[in-house]
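A short reminder: the numbers here are calculations on the coordinates, not readings from a lab. Worth saying up front: this structure is predicted, and the values here are computed from it rather than measured. Counting neighbours? That spans all protein chains shown, and the Cβs are built from the backbone with ideal geometry, glycine included.
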Amino acid sequence: MKSFFTHLECTYCGKIHSSSEPQRLCLDCGKVLYPRYDLESARKIFTKEVLPYRQSNMWRYFEMMPILDEKNVVTLGEGFTPIFDMPSLGEKLGSSNLFLKDEGINPTASFKARGLSAAVSKAKELGLKRLTMPSAGNAAGAMSSYAARAGIDAYVFMPKDAPEANQVEVYFTGGDLNLIDGLISDAGIISRQKAGEMDLFDVSTLQEPYRVEG
Ligand SMILES: [Zn+2]
């Protein structure tokens, strides 16, 4: 399969950034970068008719993902979660078309698996070896799990009063868990500081361009 990913574009000022090297935020204005695709070319090849023959995870949309080489995809089977109609709750809320998408059955039990599958895949493609993030919850376990799958080191900075389940998930998936005596904002400061000191790549929410693609 061929990805139609072409470049990164600043969501605020429109500046184009190269995607062949690690990028975090816009080099001009510091705002979020989004991947962009050659949609005109993609529409000729990537049609809904091809989808039934694809694997049942989010990588079935490979043409619209920012990974160029399929061998760099780091997957644990995320995405393709079921959607249920919710007639009783819908009636109570005054909606005749209420649906619930159950993201809890993702590999690391939350929607964070999608974004971290995308971000860790791109990190692998770019040759990054060590990732970091502050987290008080599900993202930490997701990063740690996907990094383990990719053979990449994961450093997590987590408030020490975060749920034990989230701490254990990082520990058992091989992440370097650092418990912080403070809030998530304090964990963020330390994660950024360690990123500079230890050459770690920060995959915090909206601090790099690829998680959003999951
Ligand atoms: Zn910008």
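Output the residue which, of all residues in segment 116-144 that are under 10 Å from the mean Cα position of the chain (by Cα) and of a type in the set (Ser, Thr, Tyr), is surrounded by the most Cβ atoms within 10 Å (Cβ to Cβ). Quick ask: steps written out before the conclusion?
Applying the first criterion (under 10 Å from the mean Cα position of the chain (by Cα)) to segment 116-144 yields 116-122, 139, 142-143.
Pick out the ones that are also of a type in the set (Ser, Thr, Tyr) and you get 117, 121.
On the way: Ser117: 34, Ser121: 26.
For segment 116-144, the residue satisfying everything is Ser117.
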If Ser96 meets every condition in (1) within 30 Å of Val170 (Cβ to Cβ); (2) touching a Gly at 6+ places or on another chain (Cβ under 8 Å); (3) in a loop (DSSP other than H, G, I, E, B) apart from one, which number is that one? (1)
Can you tell me how many residues in segment 145-154 are touching a residue at least 40 places away in the same chain (Cβ under 8 Å) and buried (at least 24 other Cβ atoms within 10 Å of the Cβ)? 2
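When the residues of segment 1-10 are narrowed to those that are part of a loop (DSSP other than H, G, I, E, B) and not hydrophobic (A, V, I, L, M, F, W, C), which ends up surrounded by the fewest Cβ atoms within 10 Å (Cβ to Cβ)? Steps first, please.
Let us first name the residues in segment 1-10 that are part of a loop (DSSP other than H, G, I, E, B), namely 1-4.
Now drop any that are not not hydrophobic (A, V, I, L, M, F, W, C), which leaves 2-3.
On the way: Lys2: 12, Ser3: 20.
Out of the qualifying residues, it is Lys2.
This table checks each residue for (1) under 21 Å from Glu197 (Cα atoms); (2) among the hydrophobic types (A, V, I, L, M, F, W, C).
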| position | (1), (2) |
| --- | --- |
| Ile105 | no, yes |
| Ala113 | no, yes |
| Leu126 | yes, yes |
| Ser135 | yes, no |
| Gly141 | no, no |
| Ser145 | no, no |
| Arg149 | no, no |
| Ile152 | yes, yes |
| Pro159 | yes, no |
Looking only at segment 41-78, which residues are in contact (Cβ under 8 Å) with a residue 40 or more places away in the chain and loosely packed, with under 13 Cβ neighbours inside 10 Å? Ile45, Asp69
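Confirm whether Ser19 is polar (S, T, N, Q), in contact (Cβ under 8 Å) with a residue 24 or more places away in the chain and touching a strand residue (DSSP E or B) at 6+ places or on another chain (Cβ under 9 Å).
So Ser19 fits the description; yes.
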Just wondering, is there one or more residues in segment 30-40 that are part of a loop (DSSP other than H, G, I, E, B), within 16 Å of the ligand (Cβ to nearest atom) and closer than 30 Å to Arg192 by Cα? yes
Just a yes or no: is a residue in segment 161-177 buried (at least 17 other Cβ atoms within 10 Å of the Cβ), within 20 Å of Met65 (Cβ to Cβ) and out of contact with any His (no Cβ under 8 Å at 6 or more places or on another chain)? no
Please find, among Cys13, Cys26, the residue that is surrounded by fewer than 16 Cβ atoms within 10 Å (Cβ to Cβ) and within 16 Å of the ligand (Cβ to nearest atom). Cys13
